[in-house]
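The structure appears right after this line, and notes come after that.
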Amino acid sequence: MDPQPLTPPKLLLGLVAAAAVAHAGLAVVGGALWAQVMSGQFAVAGIALAGLLTTRPVPAVVLGTAVAGMLGVASFLLVLGVGLASSAGPVAGWIGPWGIAGVLLDSSVVRISAAVLRRAERERA
């Protein structure tokens, strides 16, 4: 049984793409190498999710965007926590515009994805 396609708002697609760009920016200026690699992986995931939202907008893909957004917010908190716990300073760049934009966009992706899934569930019932 094929899942029923959704019509996610273009806002969600724009937020996912913008979050991917923010994570790509963090991958360039992110400080510690492990933080840059982690942010680069989120950028690639965001690009893939934007493509999936365009070609196959099913509930599983929208749920994937919400999970990716939650992991993006958690990564921001992880990097800041590690930076504050150690004086190594992997937070360089993460407190700047790329980091703030990334965490705001990731949290917005979670919120909009949840709203899309709730709306789809109401329409199905």
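The values are calculated or read from the model by the stated rules, or taken from the named source; none is laboratory data. Keep in mind that this is a model prediction, so the values were computed, not measured. Glycine also receives a Cβ, built like all others from the backbone with ideal geometry; neighbour counts cover every protein chain displayed. Surface areas here come from the heavy atoms of the whole protein model, side chains and all, with no ligands, DNA or RNA. Shrake-Rupley method; radii C 1.70, N 1.55, O 1.52, S 1.80 Å.
Where the second residue is open to solvent by 50 Å² or more (accessible area, probe 1.4 Å) and modelled with pLDDT of 85 or more and the first is within 19 Å of V16 (Cα to Cα) and of a type in the set (S, T, Y) and lies in region 87-109, which pairs have Cβ atoms under 7 Å and are six or more apart or on separate chains?
none
When you go through (1) part of a helix (DSSP H, G or I); (2) at pLDDT below 90 one by one for V91, which number turns out not to apply?
(1)
Out of A24, A68, A17, report the one residue that is outside any loop (DSSP other than H, G, I, E, B), among the aliphatic types (A, V, I, L, M), open to solvent by 20 Å² or more (accessible area, probe 1.4 Å) and in contact with a Leu (Cβ under 8 Å, 6 or more places away or on another chain). Walk me through it before giving the result.
Details: A24 fails: in contact with a Leu (Cβ under 8 Å, 6 or more places away or on another chain); A17 fails: in contact with a Leu (Cβ under 8 Å, 6 or more places away or on another chain).
The match here is A68.
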